[in-house]
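Have a look at the structure below, then the notes.
The values are calculated or read from the model by the stated rules, or taken from the named source; none is laboratory data. Please read these numbers as outputs of a predicted model, since none were measured by experiment. With ideal geometry, Cβ positions are generated from the backbone for all residues, glycine too; neighbour counts draw on all protein chains shown. Note: areas computed on protein heavy atoms with side chains; ligands, DNA, RNA excluded. Shrake-Rupley method; radii C 1.70, N 1.55, O 1.52, S 1.80 Å.
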Amino acid sequence: MTRPLVILPHPLPEDWLSPLKKACQLVIGESPGILLPPKVEAQLPQAEGILSLLTFPVSEEFLAQTPRLKVISNMAVGYDNIDLPACTRRGIPVGNTPSVLTEGTADLTLALLLAAARRLAEASADAKAGRWTAWSPTGWLGADLNGATLGIVGLGKIGTAVARRARAFGLRILHASRTPKPTLETELNARHVSLDELLATSDFVSLHVPLTAQTRGLINAATLRHMKSNAILVNMARGPVVVSDDLVRALREGWISAAALDVTDPEPLPPDHPLYSLPNCLITPHIGSATHHTRRRMAELACENLLAGLRGERLPHCINPEVYR
Ligand code: DGY
């Protein structure tokens, strides 16, 4: 029996792919970008599965080239790179990798929050550049976490893991989410508030919402102007949740104090982007889930989803379960 053909638009470490090797023929692209090399494109009509990254757009156009596709397995919890309604219309199940990246991403959120609060990037750059000439009573002053208010926008799995860590630092927690979550609010001593109230009263605002039509541009000139002038914004969600040009103005003109971004719009952010030139903006290259353990677990889940789909079984983590009705 011939093994089903599976497209990987990008290479992954050999051992992460070992569950697929016996069961499938793998056709592997060259980089995590959005373009497929001709050798991979030529195979699309035969492909029965794809293991995609969040950088690869699974669009209507792509689906039109893959008439035999039985499963799409995205190695990410987010799936804004996928035209989900188009997949559902074609009856193709789409898998993602929830839960396994919750703790790693929450760790990085606290790392960014602390780094921005205590101006670590600036202080380290100054030390390296010889600007540390004396212990200064007023040098590199930052913000305290203890007793401050953290507003979490989106109290899902990652937002909750952030809140648990934040409690240990003495932060008071507010959250703006679609619905109140009484059990969690009791555990975290958190209060459910409107986005307006959260922005107007938080010292730190941390974004953990998926990118949807409703959240695109959620943080814009109007909402940034609503924040406290000492506030620090952390974006761990998706770049387009924040309007980059508006953030540049807010940071330049002191509407807010600082930002720490693990995701940006565009992504990657080009080296000449004005956000890099601002000392009060810390940028990391979308590394929320970048630990050895987490990325391996994400690959495992992605392989499990893919193999289940190829066998015609229900995906263990399916984001469009309506395809089974
Ligand atoms: C995801 O899985 O959606 C994350 O953004 C990757 O770190």
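Would you confirm whether any residue within the stretch 158-165 is farther than 30 Å from A123 by Cβ, modelled with pLDDT of 95 or more and in contact with a helix residue (DSSP H, G or I) (Cβ under 9 Å, 6 or more places away or on another chain)?
Yes.
Restricting attention to the stretch 301-321, report how many residues are loosely packed, with under 15 Cβ neighbours inside 10 Å and not in a loop (DSSP other than H, G, I, E, B).
The total comes to 1.
Hey, any hits in the stretch 225-233 for a residue that's open to solvent by 10 Å² or more (accessible area, probe 1.4 Å) and within 18 Å of the chain's Cα centre (by Cα)?
no
Are any residues in the stretch 231-265 within 16 Å of the ligand (Cβ to nearest atom) and part of a helix (DSSP H, G or I), and if so, which ones? Show your work before the answer.
Restricting attention to the stretch 231-265, the residues satisfying the condition of being within 16 Å of the ligand (Cβ to nearest atom) are 234-242, 260-265.
Residues satisfying the conditions are G239, P240, V241.
What's the number of the only condition in (1) in contact with a helix residue (DSSP H, G or I) (Cβ under 8 Å, 6 or more places away or on another chain); (2) over 17 Å from N96 (Cβ atoms) that Q46 fails to meet?
Result: Q46 fails condition (1) only.
Taking the stretch 273-300, which residues are within 16 Å of the ligand (Cβ to nearest atom), in contact (Cβ under 8 Å) with a residue 24 or more places away in the chain and part of a loop (DSSP other than H, G, I, E, B)?
T284, H286, I287, G288, S289, A290, T291
With respect to N189, determine if the residue is open to solvent by 10 Å² or more (accessible area, probe 1.4 Å), touching a Lys or Arg at 6+ places or on another chain (Cβ under 8 Å) and of a type in the set (S, T, N, Q). Outline the logic, then answer.
On the way: open to solvent by 10 Å² or more (accessible area, probe 1.4 Å): yes; touching a Lys or Arg at 6+ places or on another chain (Cβ under 8 Å): yes; of a type in the set (S, T, N, Q): yes.
So N189 passes the test.
Would you check which residues across the stretch 1-44 are farther than 23 Å from S59 by Cα and of a type in the set (S, T, Y) and list them?
Once the filter is applied, which keeps residues that are farther than 23 Å from S59 by Cα and of a type in the set (S, T, Y), the stretch 1-44 yields T2, S18.
Identify the single condition in (1) assigned to a loop (DSSP other than H, G, I, E, B); (2) touching a residue at least 12 places away in the same chain (Cβ under 8 Å); (3) away from the ligand (no atom under 16 Å from the Cβ); (4) not assigned by TED's automatic domain parsing to the domain that holds L12 that T212 does not satisfy, given that it satisfies every other one.
Every condition holds for T212 apart from (3).
Can you tell me which residues in the stretch 74-95 are within 16 Å of the ligand (Cβ to nearest atom), out of contact with any strand residue (DSSP E or B) (no Cβ under 8 Å at 6 or more places or on another chain) and open to solvent by 40 Å² or more (accessible area, probe 1.4 Å)?
Scanning the stretch 74-95 gives V77, D80.
Pick out the one residue from S277, S194 that is surrounded by fewer than 15 Cβ atoms within 10 Å (Cβ to Cβ) and under 26 Å from L141 (Cβ atoms).
S277
If you go through the stretch 51-71 one residue at a time, how many are away from the ligand (no atom under 14 Å from the Cβ), open to solvent by less than 20 Å² (accessible area, probe 1.4 Å) and either in contact with a Phe, Trp or Tyr (Cβ under 6 Å, 6 or more places away or on another chain) or in contact (Cβ under 8 Å) with a residue 60 or more places away in the chain (or both)?
Here the count works out to 1.
Given the conditions (1) surrounded by fewer than 19 Cβ atoms within 10 Å (Cβ to Cβ); (2) in the same structural domain as A259 (by TED's automatic domain parsing), which single one is not true for A117?
That leaves (1) as the condition not met.
Exactly one condition in (1) touching a residue at least 12 places away in the same chain (Cβ under 8 Å); (2) under 20 Å from A121 (Cβ atoms); (3) surrounded by fewer than 17 Cβ atoms within 10 Å (Cβ to Cβ); (4) not aromatic (F, W, Y) is false for A221; which is it?
Failing condition for A221: (2).
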